[in-house]
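Since the structure comes first, as structure tokens, the remarks are kept for the end.
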């Protein structure tokens, strides 16, 4: 939270943790709430006005809040939540505040509706303090970034891998994106897309490293195209990516590999092929947060996260992909195809040649 | 689709596949559409009225549809999509139908609003036929069940595993649920819950087998509690489940193991522990569709699927779980703890003792 506020140049006096709530004292409550709603682990943020627990002050402040928010000819409700010892009950507060709002804002022609009000004045009295708010911003949820272990994430620049990466960030994992550079089978636009997607995602992990591994992968692809069955190209390509990711996970002391695969989304992502892909990785789990997602669902999330526009920029597709990729690869055939090569050496060479880019 | 209609006792004349649309000829269009919207692979279903491509008949039928659906004092639009050769354009149809509806339903005081209408009369003209509909039911999406390979699914009766199971079904995988019976550490309610959840899920896989493996697991747990560090109980328990699932996957010729784990959701589900769990499985990928989900998000889906009510029935929690389970288990310690036992034999014994229940 501190990092996010600093990054967005929002000044605040202090942050206090009290009884399951976090209070940020600031003169920019709305801007603060909007920004903090984007911080992983926060389920909601409400711009609030604070005062003491004195009934008169509560009423006075609540009227100010209502004056600033409740529109003409509309309905409202007052809700109160109270913790501690006070000379009044929650009900007393609701009644008194409601009555005084009706009187003070008489010319707005308001009415009380406790069932389905258009505006709600929420009052929380906690011991000697009280807080009032009428708006609650829905937060991103999940866990605070860094509360889980690090993961490496295959990031292609496309829609899916960005969303998969975001999902693990949301659940608390700092991410190290890995981009595999398939030039000359793709154009340069793709690399830029991937780095821009990473930049966008890193806006949500303020205070964490912003590095991306860029791994040269074109030579490997060239070798596979020349010397192995054409329909296996994508499987062989992806198994190499997994292995390189495993090496980088070790270097980075990460605990898992994240990919954007969804069951059946592409030829290489049939359930049978996912099993063949998994076989290439020994020491790390492959985490696929999008397994059950339809493309339209993933796209909707990408729009919300802000990566959709970047991921859908025009770029040449990978020309190494065969016209008829295998959808039911047999592990023994894949292994046989790989026997021709010194796979271990190829992986190590790629990882050694990787560039670490800070975006 | 045929199975679903038969199961729900809905009579229909025929099902025709034409140019990316599937037409079901029936007298129960609404009921048919509602039921088919629940079939995996269907993205939407519209109860429609059909006629020929004759302009007069189209107008006449569209008026009937409008009469039955468009409410008094409301706005409407006519949209037309045309494929084939006709003596009129789509625009002609829209104009004529719109005009005639306004005339015929004059006493309803309707108005045309092309931007944001309250009701829409959709007309599809395809060669010699035409179809009209005003309502589109949102379908479940995904792929037709059986278009992907079979998976086995750890099903506890709880909220998460049911939703995980549903996600793989949605993407086309027939599922074989496996329930591990931890008695005497749980009560009988839990087994009933798991079987009821399976029954609920099987309502969505009409025509596929409805069997559940019930694997006795209490003896294994007892052994672990007695003879290994208490804080590892849950990890050891789950590794055994994975291994048994692997055996059953082989028996069932499945291609993967599905679990309801989400990163950090429980002590056993930290990223570090998931890695330790994965280590127990050699031949199959562990698929976790809920990896990135918050509990509230999973619950919302469970409500939609219809398993929430079953999963939240009161039951005694597993009393084998230690007060302080390890959240950062070390693989070497886990392996050392397992060395004491003939793990392979324990797994085989459990699987051999498994009961296959048809629900």
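Every number in this text was worked out from the coordinates using simple rules, so none of it is lab data. On a predicted model such as this, the values are computed, not experimentally measured, just so you know. When we count neighbours, we look across all protein chains shown, and the Cβ atoms used for this are built from the backbone with ideal geometry, even at glycine.
What distance in nm lies between label points placed 7 Å from Cα along the C-beta direction at residue B:75 and residue B:189?
Going by the 7 Å Cα→Cβ label model, 5.2 nm.
Using label points projected 7 Å from each Cα along Cα→Cβ, tell me how many nm separate residue B:64 and residue B:316, to one decimal.
Result for the modelled spin labels: 6.3 nm.
Which of the three applies to chain B, rounded, prolate or oblate, going by the alpha-carbon gyration tensor with a ≥ b ≥ c and a/c under 1.5 meaning rounded?
Verdict is prolate for chain B.
Between helix B:218-227 and chain B, what is the angle of the helix's C-alpha long axis to the longest principal axis, kept within 0 to 90° and rounded to the nearest 10?
Relative to chain B, helix B:218-227 is tipped by roughly 40 degrees.
From the Cα trace of the range B:215-260, what convex hull volume per residue do you get, rounded to a whole Å³?
Dividing the Cα hull volume of the range B:215-260 by its residue count gives 75 Å³.
Two-decimal Rg/Rh of the range A:151-358 from alpha-carbon positions, Kirkwood Rh?
0.93
With contacts defined as alpha carbon pairs under 8 Å and 6 or more residues apart, what's the relative contact order of the range A:151-358 in percent?
Computed value for the range A:151-358: 32 percent relative contact order.
If you wrap the range A:245-351's Cα atoms in a convex hull and average its projection over all directions, what's the area in nm²?
Taking the Cα atoms of the range A:245-351, their convex hull projects to 8.5 nm² on average.
In degrees between 0 and 90, to the nearest 10, how far off the longest principal axis of chain A does helix A:233-252 point, with axes built from Cα atoms?
60 degrees
Please give the helix A:55-69 orientation as an angle from the longest Cα principal axis of chain A, in degrees from 0 to 90, rounded to the nearest 10.
60 degrees
Taking a ≥ b ≥ c as the square roots of the Cα gyration tensor eigenvalues, with a/c under 1.5 meaning rounded and otherwise prolate when a/b beats b/c, else oblate, which class fits the range A:62-133?
prolate
Say R0 is 45 Å: what FRET efficiency, to the nearest 0.05, do residue A:295 and residue A:12 get from their beta-carbon distance?
The value I calculate is 0.65.
Using the 7 Å Cα-to-Cβ label point, sort the distances from residue B:229 to its equivalents in the other copies shortest first and give them in nm to one decimal.
With the label placed 7 Å along Cα→Cβ, residue B:229 yields 4.7 nm.
Pairs of Cα atoms under 8 Å, at least six residues apart: use those to get the relative contact order of chain B, whole percent.
Relative contact order comes out at 17 percent.
For the protein assembly as shown, what does -39500 (n - 2.57) per DSSP helix run (n ≥ 4), summed and divided by total residues, give at 222 nm, in deg cm²/dmol to the nearest 500?
-12000 deg cm²/dmol
I'd like the distance between the alpha-carbon centres of the range A:295-359 and the range A:225-288, rounded to an integer number of Å.
Computed from Cα coordinates, the inter-centre distance equals 8 Å.
Hey, what's the Kirkwood Rh for the range B:2-138 if you take every pair of different alpha carbons, in angstrom?
15.8 Å
Once you average over the residues of A:139-148, how many Cβ atoms of partner chains fall within 10 Å of each Cβ?
Mean shielding by partner chains, rounded to a whole number: 3.
Which order do peptides B:195-206, B:235-246, A:169-180, A:225-236 fall in by mean Cβ count within 10 Å, highest first?
Per-residue Cβ counts within 10 Å, averaged per peptide and sorted highest first, yield A:169-180, B:235-246, B:195-206, A:225-236.
Other chains' Cβ within 10 Å of A:165-173 residues: what's the mean?
Counting other chains' Cβ atoms within 10 Å and averaging over A:165-173 gives 4.
Considering every residue in B:288-298, what mean count of other chain Cβ atoms within 10 Å of its Cβ is obtained?
Per residue, the average neighbour count from other chains is 6.
Is the shape of the range A:291-359 rounded, prolate or oblate, going by the alpha carbon gyration tensor and its root eigenvalues a ≥ b ≥ c, with a/c under 1.5 for rounded and a/b larger than b/c for prolate?
Cα axes put the range A:291-359 in the oblate bin.
Report the far tail of the P(r) of the range B:125-228, meaning the percent of Cα-Cα pairs longer than 17 Å.
Value for the range B:125-228 (Cα pairs over 17 Å): 61 percent.
Can you give me the three principal axis dimensions of the protein assembly as shown from its C-alpha atoms, in Å, biggest first?
Principal-axis extents of the protein assembly as shown (Cα, largest first): 79, 78, 59 Å.
For the range B:103-177, count all C-alpha to C-alpha pairs, find those more than 21 Å apart, and express that count as a whole percent of the total.
Counting pairs separated by more than 21 Å, the tail of P(r) holds 59 percent.
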